[in-house]
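Below: the structure, in C-alpha cells.
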Amino acid sequence: MNVRPARPLTPLRIANSFRGHVSIPGFASPRRLVLHIGFVILTGRPLTYTLSSPTPVKREEGKFFGVVPLMSTTLGERASLGRTETVESTEAQPRRGRNDREVIVVGGSAAGLFTAASVARGGLRVRVLESKPQFEPAPRTLIVTDHFRHQMGAAARESIINEIRRFELFTDGRSAQVALTKPDLIVERSRLIPALAREAEQAGARLSFDTRFLGIGPNARGLRLEVESGGRCEELHAGSVVGADGAASRVARASGWPPIETVPLVQAIVRLPKDCPSDTTRVWFVPDDTPYFYWLIPESPERGAVGVIGEHGSDTKRCFESFLEKKHLEPLEWQGARIPVYRGWVPVRRQIGNGEVYLVGDAAAQVKVSTVGGIVTGFRGALGVSQALLRNGRTHEFAALRRELRTHWLIRRALHNFEQKDYSQLVDLLDASTRQSLGEINRDESTRLLWNVVRRQPRLVLLGLRGLLMGKAERG
Ligand SMILES: Cc1cc2nc3c(=O)[nH]c(=O)nc-3n(C[C@H](O)[C@H](O)[C@H](O)COP(=O)(O)OP(=O)(O)OC[C@H]3O[C@@H](n4cnc5c(N)ncnc54)[C@H](O)[C@@H]3O)c2cc1C
C-alpha cells in the first residue's frame, strides 16, 4: 500500500491521491466525467471490423465523422433503443441460438468479474472489457457481512484481512455496543479483484484490458459495440452485454437507462488508536455533519479506515477534516469515489433489437443505501444476471434482492431525517435484547433484522415513523 505523509486535506490532494483509479476525483459530479470521457476523435473511415467474429460483419450504421460525443451520435442523447423490463416479465420468451453468441461484460471489477465467472462456468462464451490499461485495482478497505464467505468460495479467503466481532455506536456522548454472533469480514479490494479475475479466467472468460466501451447499437445478429482498444477504435459483436461499469455506467447511458444519483464516500487510512481493539468497528452519528455517519474500521492491529459518506462534496470534506482533527487521526492514504444511492429498483434488462443488455452492481445502484455497502448486493445482482443468461431469463434472485434493497431504502429514509435527539433516543433504546437481535442477524437479511429489532423494542417503530413523517413533511 502507498503510505503518504500527512498533509492538510484539499480536494486536489484527494484527487491526486486517488491516482486516477477513482471514478470521480475530488467529489466532482459523475456527469462531468462522462463528458470528459464521452468524446472520441473519429476519422472519415468506417471503424474497424470486429476481431472477435469469425466472419467480418459489415457496419449497418452510417459513417461517423469529426469529434462528437459518440453515445449521442449513435443513439441520440436520450434515445431509447429498447424496452426496459424486469427479467421476470420476460422469462417465458425463448431465445434461439444463445449459446453460440458471446456475452460481453463491460467492467472488470467486483460485479463484472463475478458475473463473468458464473456465466463462463455455465458454458457460455464470455469476454470482459476493462478500460484500465493493466490490473492494479486501487486499495480499498471494505467491510462485508459473512454472506460474502458463502458467495465467494476459495477466492474469498485470500482477500479477507481481518474479522470484526463488535460494533460500538456513538452519538452525543452516549454509546452502545453490539456483539456480532457471526463476525463481519474486512476485505482488501486490491486482493479481491485479482482473485476474482483468476476465477473468471479459470472458468474460461477472456479478459481484455485497455479496452473502453464507447457505444452500443443493434445489428442483425444481436448487438454491435464500439470500443477503443490500445488507442484504436474497434467494433465487437455480442448476443448479450452486461454493464458492470460502475456508478457512472456508460453502458447504461448508451442503452437508454437514466442516470442514477450518487454521493461522495471518502476514507482515510490511519494508525489505529490505542484504545480501539482491532476486532471492533466504531460508528459515530453526527447529524449536523452528515445524514449518514462516520466510521472507523480496523484492517489490522496497526491500521484502520476512517470514513464518511456525505451529500455535498465540499461540506463533506470540511466536516471530515475537522472530525479527523478532533479524533487526532492523521491520514496516511486516501480512498474514495462516488457511490450510487438506491432510490428504487433499477430494471436490470433492456432488449435492443435482437440483443439484450443487463446491468449489475453499482451500474444498477445495487447498493444497501442504509450503510452504502455494494459488494454483497452487487454479487447478488451478478448471480441474478448470470442465472438469467443461463436459464433463459429464469431467476428468483432479483425478487429477493429487490426486497432487500427496498428495506434498506426504508431504513435510510427514516434515518435521513433524524435529528440529534432522535439518535440519542435510538442509542438509549438499544437495550440488551435489541442489541442481541442486531448482533445475531446480519445487515444482508435486513427484513428479518428489522422485524426482530422492532418486535423486541416496539418504541423504535415510533422513532422510525417519526423520521419517515419528518421527511414527508419537509418534502411536502
Ligand atoms: C472508499 C469506498 C469504500 C467502500 N466501502 C465499502 C464497504 O465497506 N462495503 C461494501 O460492501 N461496499 C463498499 N463500497 C462500495 C463498493 O466498493 C462498490 O459498491 C463496488 O466496488 C462496486 O463494484 P462494481 O463492480 O459494481 O463497480 P466498480 O468497482 O465501480 O467497477 C467498475 C469497473 O468498470 C470499469 N469501467 C468503467 N467504465 C468503463 C468503460 N467505459 N469501458 C470499460 N470498462 C469500464 C472501471 O475501470 C472499473 O474497473 C465502498 C466504496 C468506496 C468508494
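The values are calculated or read from the model by the stated rules, or taken from the named source; none is laboratory data. Here the structure is a predicted model, which is why all the values come from computation and not from measurement. Glycine also receives a Cβ, built like all others from the backbone with ideal geometry; neighbour counts cover every protein chain displayed.
Of the numbered criteria (1) in contact with a strand residue (DSSP E or B) (Cβ under 7 Å, 6 or more places away or on another chain); (2) farther than 30 Å from Thr280 by Cα; (3) surrounded by fewer than 22 Cβ atoms within 10 Å (Cβ to Cβ), the one Thr115 fails is (3). How about segment 289-318: which of its residues are within 22 Å of Pro340 (Cα to Cα) and away from the ligand (no atom under 16 Å from the Cβ)? Within segment 289-318, Asp289, Pro291, His312, Ser314, Asp315, Arg318 meet the criteria.
Tell me whether segment 265-281 contains one or more residues that are without any contact (Cβ under 8 Å) to a residue 24 or more places away in the chain and surrounded by fewer than 24 Cβ atoms within 10 Å (Cβ to Cβ). Yes, that holds for at least one residue. In segment 241-258, the residues that are on the phi > 0 side of the Ramachandran plot and assigned by TED's automatic domain parsing to the domain that holds Ile375 form Cβ pairs under 7 Å with partners that are within 10 Å of the ligand (Cβ to nearest atom) and part of a helix (DSSP H, G or I), at six or more places apart or across chains, as follows: Gly246/Asp362; Gly246/Ala363.
Residue count for segment 240-270, restricted to those that are in contact with a Leu (Cβ under 7 Å, 6 or more places away or on another chain) and not hydrophobic (A, V, I, L, M, F, W, C): 5.
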